[in-house]
Amino acid sequence: MDESEGSVLATHCFNYEDSRMDLARMIAEHDYPLRIVEHEGFRVFCQGLQPLFKSISRNMARSDVLKLYDDEKEKLMQFLGSIQGRIAITTDMWTCNNQRKGYMTVMSHFIDDSWKLQSRLLRFIYVPSPHTAEKLSEVLLDCLMEWNLDRKLSTLTVDNCLTNDCMIELMTEKMPSYGLILGRELFHMRCAAYILNLIVRSGLDSFKGIEKVRESVSFWTTTPKRMETFEQNAKQSGVICGKKIALDCKTRWNSTYLMLATAVKYKKVFSRLKNREPQYKSLPNESHWDLANELCDRLKIFYSVT
């Protein structure tokens, strides 16, 4: 190829091990199933792209992903060890709906040499039940010791609940006070977003008028057929929102805000459908819509903050 055209042919040396790691990185990054490497179509594609690439099994792919994790973990440990300042930690528990198992996430936050805020996920740990303060403190402290962060901590931010209070007390008893700022006085930080969540949820419990809006959204999202009917009537009514109506989760106030903010834009569609669907008997009245609008104005402030 002529160099004036902007491209130059060069010799490429195929490296099988590097390609294996690239494949492992692709699987991990995009959450592909390990069995993808055994799919006939994938193997044909790889052979056509590079005949020297030998097909691997899912067990080999699993080993590659774990090796990639170990390599990246070692790099991150060295990087965190080079940080001159202190490192803040945030942690929370998450329960898998399918398995009903509890997991703890541990995040690190620090200012790098360029004075930019950086965040890194350290661990995603399975925590056996019961999730007592003793068990949580043991798991979290083991994680901090493993990453050599027990003497570099600035703060630990957790949800505002009694179990976490007890967990912090147990941890500080096992950690040297000289390794913490002001002898651990600033160590325990309460999550502001969680406190705001408690405030908003408490306020929402006082408003029962939004139930009609929730029932209406629930009715029209119950089946794909009803959802299709709703969207058709929205087009016929000239309502262009850009978002679909979605039922909220009562324990997550932000989902309630998103439900109301979308539903009020389809107010005319709900009224139109009342005259076309005999089974639809939960149409909100004007006072219900006024309350929904007012709540949206209030919740928008908290939603923007959190």
statement: Quick calc: nm separation of the 7 Å Cα→Cβ label points for ILE181 and VAL305 -> 2.2 nm
Accessible area per residue, Å², segment 229-306 with all protein chains present, probe 1.4 Å: 62 Å²
- prompt: Taking springs between alpha-carbon atoms closer than 10 angstrom, which of GLY41, GLY183, GLY81 fluctuates most in the Gaussian network model of the chain?
  reply: GLY41
- line: Scoring the chain by relative contact order with C-alpha pairs under 8 Å, at least six apart, yields a percentage of 10 percent
field: Computed Kirkwood radius, in angstrom, where 1/r is averaged over Cα pairs of segment 182-268
entry: 15.2 Å
message: Under the rule of at least 5 residues apart or a separate chain, name every residue whose amide H is placed under 5 Å from the amide H of ARG123.
response: VAL106
- request: Set Lys and Arg Cβ to +1 and Asp and Glu Cβ to -1, take the dipole of the chain about its Cα centre, and tell me which of LEU153, LEU273, LEU180 lies farthest positive.
  value: LEU273
- prompt: Using a 1.4 Å probe, what is the accessible area per residue for segment 1-154, in Å²?
  reply: 68 Å²
- prompt: How large is the dipole of segment 136-269 about the Cα centre if only Lys and Arg carry +1 and Asp and Glu carry -1, each at its Cβ, rounded to the nearest 20 debye?
  reply: 1180 debye
query: GNM, the chain, Cα, under 10 Å: largest mean-square fluctuation among THR95, THR262, THR223?
result: THR223
task: Decide, for segment 91-185, between rounded, prolate and oblate: order the square roots of the alpha carbon gyration tensor eigenvalues as a ≥ b ≥ c, take rounded if a/c falls under 1.5, and otherwise choose prolate if a/b is larger than b/c, else oblate.
output: oblate
statement: Charge dipole of segment 12-126 built from unit charges on the beta carbon (Lys, Arg +1; Asp, Glu -1), centred at mean Cα; most positive-end Cα among ILE56, ASN98, TYR32 is ASN98
- prompt: Using +1 on the beta carbon of Lys and Arg, -1 on that of Asp and Glu, and nothing else charged, what's the dipole of the chain about the Cα centre, debye to 20?
  reply: 1640 debye
message: With a 10 Å cut-off between alpha carbons and a GNM built on the chain, which of ASN98, ASN164, ASN285 moves the most?
response: ASN98
task: Can you grab the distance from the C-alpha centre of segment 220-236 to the C-alpha centre of segment 47-107, Å, no decimals?
output: 42 Å
statement: Calculating Kirkwood radius over Cα pairs in Å from this structure picks out, from [x] 19.7; [y] 20.2; [z] 24.7, entry [z]
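Which whole-number percent of Cα pairs in segment 151-195 have a distance greater than 18 Å? Display every interim value, and only then the final one.
Working: 240 of 990 pairs.
In whole percent, the share of Cα-Cα pairs in segment 151-195 beyond 18 Å is 24.
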query: Cα convex hull of segment 154-306: mean projected area in nm², to one decimal?
result: 11.8 nm²
- line: By the Cα gyration tensor axes a ≥ b ≥ c (a/c under 1.5 gives rounded; else a/b larger than b/c gives prolate, otherwise oblate), the shape of segment 264-306 is prolate
statement: Magnitude of the Cβ-charge dipole (Lys and Arg +1, Asp and Glu -1) of segment 20-95 about the Cα centre, nearest 20 debye, reported as 180 debye
query: Between their Cα atoms, which of LYS152/LYS174; LYS225/LYS265; LYS73/LYS116; LYS67/LYS116; LYS135/LYS300 are more than 26 Å away from each other?
result: LYS67/LYS116; LYS135/LYS300
message: When a/c reaches 1.5 or more, the comparison of a/b and b/c decides; with that in mind, is segment 1-160 rounded, prolate or oblate per its Cα gyration tensor?
response: oblate
query: For the chain, which whole-number percentage of the solvent-accessible area (1.4 Å probe, protein heavy atoms only) is attributable to carbon and sulfur atoms?
result: 52 percent
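The values are calculated or read from the model by the stated rules, or taken from the named source; none is laboratory data. What you see is a predicted model; the values in this text were computed from it and never measured. Methodologically, a virtual Cβ is constructed for each residue, glycine included, from the backbone with ideal geometry; neighbour enumeration extends over all protein chains shown. Note: areas computed on protein heavy atoms with side chains; ligands, DNA, RNA excluded. Shrake-Rupley method; radii C 1.70, N 1.55, O 1.52, S 1.80 Å.
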